[in-house]
């Protein structure tokens, strides 16, 4: 399975378990069948940003396809401060 589809599968599993998540995308221009087309591609391939209440970390880790977390210097899962990641 291509890694892109693996990320989609994990995203579907997050939705099934009521986790809010986001995949940041960037617009890129590619050649497709001899024409330039704009496509949205993940800005951070294979990374999903998930809002996780403290009590649900174990549940998140049990979802098949999640390899691990981005961690801070102390070894705890890294947090993105409110307002840093703006969507829309």
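Any read-out appearing in this document is the output of simple, stated calculations on the displayed coordinates, not a laboratory observation. Worth saying up front: this structure is predicted, and the values here are computed from it rather than measured. Note that we place each Cβ from the backbone using ideal geometry, even for glycine, and neighbour counts take in every protein chain shown.
Please give the length that would be gained between residue 64 and residue 6 if that part of the chain were fully extended, namely 0.36 nm times their separation in residues minus their C-alpha to C-alpha distance (nm, one decimal).
Values: separation 58, 0.36 × 58 = 20.88 nm, distance 1.02 nm.
My answer for the length gained is 19.9 nm.
Compute the Rg/Rh shape ratio of segment 11-60: radius of gyration over Kirkwood radius, all on alpha-carbon atoms.
Working: Rg = 15.5 Å, Rh = 13.0 Å.
Ratio of gyration radius to Kirkwood radius: 1.19.
Highest first, please rank the peptides 12-22, 72-82 by the mean number of other Cβ atoms sitting within 10 Å of their residues.
Details: 12-22: 12.5, 72-82: 8.7.
Most protected by this proxy first, the peptides run 12-22, 72-82.
Roughly what angle does helix 3-16 make with the longest principal axis of the chain, taking Cα atoms, 0 to 90 degrees, to the nearest 10?
Helix 3-16 sits roughly 50 degrees off the main axis of the chain.
Using the C-alpha atoms of the chain, what convex hull volume per residue, in cubic angstrom, is computed? Mind dumping the intermediate values first?
Values: hull volume 11.9 nm³, N = 88.
Per-residue hull volume (Cα only) is 135 Å³.
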